[in-house]
Amino acid sequence: MNKPSIPKGTRDFSPAEMAKRNYIFDTIKDVYALYGYQQIETPSMETLQTLMGKYGEEGDKLLFKILNSGDFIGKLPANEFVSDNVLKLAANICEKGLRYDLTVPFARYVVMHRDELQMPFKRYQIQPVWRADRPQKGRYREFYQCDADVVGSDSLLNEVELVQIIDTVFTKFGINVQIKLNNRKILAGIAEYIGQPDKIVDITVAIDKLDKIGVEAVNAEMLANGITQDAVDKLQPILTMSGTNVEKLETIAQTIGTSEIGLKGVEETRFILEKIEAVGLKNELQLDLTLARGLNYYTGAIFEVKAKDVAIGSITGGGRYDNLTGIFGMPGLSGVGISFGADRIYDVLNTLDLYPQNAIQATQVLFINFGEAEADYCLPIVGQIRAAGISVELYPDCAKMKKQMAYANAKGIPFVVLAGESEINQGKVTLKNMLTGDQQLVSAEELIAIITSKNT
């Protein structure tokens, strides 16, 4: 018989993995809620009308499309099925698709519910998304996104708040991070100042390699990509600048002072830095001109987060965009958002072994089953312990002691309770610490106090 399998690029999550994932999601949810963000969910599938044309040609190819139900074949002429035009065929037999990200469904949600939404609208969403991508290490066809966005407000205090959210989340996780900040307008201003506005992508791709290959190699790459010698010369003060965030910003302002859009970016960045300085962060905030994510999408501040103690890509990113809902005929709605990379955060927490024990431990106490009379004695005590908020199991079968203890060890249960004839006569139980092997005779109330003290 063939062993069952799951589709490539998808995963099963064991109880131990789910405990860790829930710890990540719950921590992020708690912080979002602290800042007044409210949770929404949207359907796993959207109409293809909603999804198509929003992610570019490549994105359209990566959408998982869902066949129409019923006799969809009977309604089509036979020659449609031998056509080379796969997208045309899909359009005739598929009306729905699995969501590719959370941003487009969010835009659709805002437009559909705009009359009942209080602006600014602060929402967070933690749900799976699907991409018909080629699976490889670290890239899945089904994965979770943890997005937070605020729309309907141009205030830069929203950016300040999102930086604080990032800082709070990673402080709670115990991960040391560097929060990188840039501004799309500064990048546009640099390209404009050196007279090469159409080369913004080539410039930023080259600048991005500054740390790895050095100034001379970056200059050579830009010249090779058709950026003029004059433009490269003008760029040197920015490539070689150093100092604090404020000093770097001053260098940028002095260098691109003739660019109106560039100076607007400098002002926006200065505002964010000043406000963050006033509230203080636990993690480092760094102005980083090499940061150029989502150039076609973001219009203002751009954020990215790197873990300091683990070599891994970006673990959070985001930025300001000007026209979220324009794709659905509601122009002019500005927003700013971030997305936590749950899978990468999972890997970082695993690598650094930062999961708190009580977050990933399921059952804390196991009652050994010595028979029907003993189980009857234990059941009310088990109920009393659960009422105190402690997770507890009574082994369901009167199996050999060795088997029951092996069960406790396999599940990592730290305490085992024994209640035989002697304990019953005294109205108590024996509590065994599985780590140390220590045993003590205790009442139900004493047992609860011991376990509770271990959890605090």
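Work out how much length residue 225 to residue 5 would gain on full extension: take 0.36 nm times their residue separation and subtract the Cα-Cα distance, in nm to one decimal.
74.5 nm
So, with +1 on the Cβ of K and R and -1 on the Cβ of D and E, and no other charges, what is the size of the charge dipole of the chain about its Cα centre, to the nearest 20 debye?
Its charge dipole is roughly 940 debye.
Calculate, for region 365-453, the solvent-accessible area per residue in square angstrom, rolling a 1.4 angstrom probe over the heavy atoms of the protein chains.
53 Å²
From the square roots a ≥ b ≥ c of the eigenvalues of the alpha-carbon gyration tensor of region 365-453, which class results: rounded (a/c under 1.5), prolate (a/b over b/c), or oblate?
Rounded shape, in that the Cα axes give a/c under 1.5.
Dipole size in debye (nearest 20) for region 177-308 around its Cα centre, Lys and Arg Cβ +1, Asp and Glu Cβ -1?
Dipole size: approximately 460 debye.
Which loop-located chymotrypsin sites (Phe, Trp or Tyr not before Pro) does region 358-456 contain, where loop means any DSSP state but H, G, I, E or B and the Cβ has at most 12 other Cβ atoms within 10 Å?
none
Please work out whether region 177-308 counts as rounded, prolate or oblate from its C-alpha gyration tensor, where a ≥ b ≥ c are the square roots of the eigenvalues and a/c under 1.5 means rounded, while otherwise a/b larger than b/c means prolate and anything else oblate?
Because a/c hits 1.5 or more and a/b exceeds b/c, region 177-308 counts as prolate.
Can you give me the accessible area per residue for region 177-308, using a 1.4 Å probe, in Å²?
In whole numbers, region 177-308 has 46 Å² accessible per residue.
Using the structure shown, list the pairs from 209/248; 234/308; 54/180; 402/432; 185/248 with a Cα-Cα distance above 21 Å, or answer none.
234/308; 54/180
Size of the dipole of region 365-453 about the Cα centre, Lys and Arg at +1 and Asp and Glu at -1 on the beta carbon, nothing else charged, in debye to 20?
Around 360 debye, computed over region 365-453.
Charges on Cβ only, +1 for Lys and Arg, -1 for Asp and Glu, centred on the Cα centroid of region 365-453; of 448, 384, 399, which one is farthest towards the dipole's positive end?
Towards the positive end, the residue furthest out is 399.
Tell me the net charge near residue 50. Cut-off is 13 Å between Cβ atoms, residue 50 excluded, with +1 for each Lys or Arg and -1 for each Asp or Glu.
Spelling it out: positives minus negatives among the neighbours equals +1.
Averaging the inverse of every distinct alpha carbon separation and then flipping it gives the Kirkwood radius. What is it for region 252-333, in angstrom units?
15.0 Å
For region 177-308, what does the relative contact order come out to in percent, with C-alpha contacts under 8 Å and a separation of six or more?
RCO, region 177-308: 52 percent.
When the accessible area of the chain is split by element with a 1.4 Å probe, what percent falls to carbon and sulfur?
After summing per-atom areas, the C and S share lands at 51 percent.
What does the charge count around residue 142 come to, taking other residues whose C-beta lies under 12 Å from its C-beta (Lys +1, Arg +1, Asp -1, Glu -1)?
Neighbour charge sum, excluding residue 142 itself: +3.
Counting helices only, and only those DSSP H runs with n ≥ 4, report the 222 nm mean residue ellipticity of the chain as the sum of -39,500 (n - 2.57) divided by its residues, in deg cm²/dmol to the nearest 500.
Per the formula, -13000 deg cm²/dmol.
Report the paramagnetic label zone for residue 213: residues of region 177-202 whose backbone N is under 13 Å from a point 7 Å from Cα along the Cα-to-Cβ axis.
202
Using DSSP to define loop residues, name the chymotrypsin sites (Phe, Trp or Tyr not before Pro) in region 1-65 whose beta-carbon has at most 12 other beta-carbon atoms within 10 Å.
Those that pass, being in a loop and sparsely packed, are 13.
Of 9, 346, 331, whose Cα points farthest to the positive end of the dipole of the chain (charges on the beta-carbon: +1 Lys, Arg; -1 Asp, Glu; origin at the Cα centre)?
9
For a quick check of your reading of the filter: which trypsin sites (Lys or Arg not before Pro) in region 160-235 sit in a DSSP loop and have no more than 14 other Cβ atoms within 10 Å?
Counting only loop positions with at most 14 other Cβ atoms within 10 Å, the trypsin sites (Lys or Arg not before Pro) in region 160-235 are 209.
Evaluate the distance, in nm, between pseudo-label points positioned 7 Å from the Cα of residue 312 and of residue 118 along their respective Cα→Cβ axes.
My value for the distance between the label points is 3.6 nm.
With an 8 Å cut-off on Cα pairs and a minimum separation of 6 or more residues, tell me the relative contact order of the chain in percent.
Relative contact order of the chain: 15 percent.
The values are calculated or read from the model by the stated rules, or taken from the named source; none is laboratory data. Values in this document were obtained by computation on a predicted structure and should not be read as measured data. We place every Cβ from the backbone using ideal geometry, glycine too, and count neighbours over all the protein chains shown. Side chains included, ligands, DNA and RNA excluded: accessible areas come from the protein's heavy atoms. Shrake-Rupley method; radii C 1.70, N 1.55, O 1.52, S 1.80 Å.
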